[in-house]
Amino acid sequence: MKIAYFGNDFFLNCLDFLIRDGHEIVALYSQNCDNFYNFNQSSLKIAERIGCPVYFHKPDQQQIDALAAQGCELLVAALYEHKIPLPTQGSNLRGINIHPASLPDARGPWVPPLTILQGATQSAATIHKLDEKFDCGDILHRETVNLSKQENLETLSCKLQMAALLSLKTVMNDFERYWNEATSQKDGIYYPYPDDSLRTLQFTDPVEKIDRTARAFGKLESFVIFDGKKWLVQDASVWQDKHNFNPGQVVHRSSKEVVIAALDGFVCLRHFEMHPQWRQHRFDEYQNIPPV
């Protein structure tokens, strides 16, 4: 197939598979990435290697119709930030999206952290048809993954990437059947982008909740306030213990770690740094993870 691919490096294995499977990537639509929180360097290198044009702007209807006129057969979206116009009715061009959660139960722009926050035991990579609304198209295939009790953003991301590849291979191996037998979605649940309150470790909470929040946001960082400053946290450990300290009180410091009292135990911050102004600017600019 001739395919236009829309996405960044999160589902890089899917882009790589499409090329290895003999499909022709006629265009890559990427997005501005800081390559600190979100990445597209590897996708751009692939595009350069295969001689594929790269676009960073939001596609309009005219460009989608132009792809169809050039013989493009399939649009593949994978964690792409813009709404892609649907091919004009009567066109042979079709479109699918790879969503990093189980649909219709978990729609939204940034679902994996909220999946962990809610203590889910399962998630999925879902392939569905592009629709006028985000995450609402008919489902072609869903690959389920199990979550552990200590799941974190990094492990869940890897599980979803592996599941997405399996799902895409399944669909592409018999595309017409999966397209024609796709099932419509029922009313779903929409997860909004998590605000700062969900990302902040509250020392008045039980350590189990603090641990879950830290695991949910992982390398994308949760927030914590101590010593009168705001900090970014990528790694924290907790343990339950009785104590007489006030929640939020710093009770121990080492060369790299800080231990802070929580409601029913302690939180050890292991990988954290002050929230400097230059990082704040970068975070504000790139915090909006693309809707899928």
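List of remarks:
- Counting only the Cα atoms, the range 2-180 fills a convex hull of 109 Å³ per residue.
- Put a plus charge on the Cβ of each Lys and Arg, a minus charge on the Cβ of each Asp and Glu, and nothing anywhere else: the dipole of the chain about its Cα centre is then about 420 debye.
- Theoretical gain in end-to-end length, S254 to E273 [0.36 nm per residue, Cα-Cα removed]: 5.4 nm
- Close amide H pairs (under 5 Å, H built 1.01 Å from N) link D235 with R270, H271, residues at least 5 positions away or on another chain.
- Across the options V224, M162, Q89, the greatest Cα extent toward the positive end of the charge dipole of the chain (unit charges at beta carbon of Lys, Arg, Asp, Glu) belongs to V224.
- For the range 242-259, backbone phi angles converted through the Karplus equation (6.51, -1.76, 1.60; θ = phi - 60°) give residue-by-residue couplings of 6, 7, 10, 7, 7, x, x, 7, 6, 10, 6, 9, 10, 5, 10, 10, 10, 10 Hz, Gly and Pro being listed as x.
- Entries of K129/K149; K58/K129; K149/K256; K2/K129 with Cα pairs more than 23 Å apart: K129/K149; K149/K256
- Along its three principal directions, the equivalent ellipsoid of the range 196-286 from the Cα gyration tensor extends over semi-axes of 22, 14, 11 Å, largest first.
- Evaluating 6.51 cos²θ - 1.76 cosθ + 1.60 at θ = phi - 60° for every residue in the range 197-210, the Karplus couplings come out as 5, 6, 9, 9, 6, 9, 6, 7, 8, x, 5, 4, 5, 4 Hz, glycine and proline recorded as x.
- Long-range HN-HN contacts of Q249 with modeled amide H, under 5 Å: A261
- Residue-wise HN-Hα coupling along the range 229-241, computed from phi with Karplus coefficients 6.51, -1.76, 1.60 (Hz; x: Gly, Pro): 10, 9, 10, 9, 10, 10, 8, 8, 10, 9, 8, 7, 5
- Proximity of backbone amide H atoms, modeled 1.01 Å from N, is registered between V145 and S123, A124, A125 at under 5 Å, excluding neighbours fewer than 5 places apart on the same chain.
- Pairwise label distance in nanometres, T204 with F175, each label 7 Å out on the Cα-Cβ vector: 5.5
- Expressed to the nearest 5 percent, the antiparallel share of DSSP beta bridges inside the chain is 65 percent.
- Helical mean residue ellipticity (222 nm; -39500 (n - 2.57) per DSSP H run of 4+; nearest 500) of the chain: -8500 deg cm²/dmol
Bear in mind these aren't lab numbers, they're just calculated from the coordinates by the rules spelled out. Quick caveat: nothing in here was measured; it's all calculated off a predicted structure. Because the Cβ atoms are built from the backbone with ideal geometry, glycine has one as well, and the counts that use them run over all protein chains shown.
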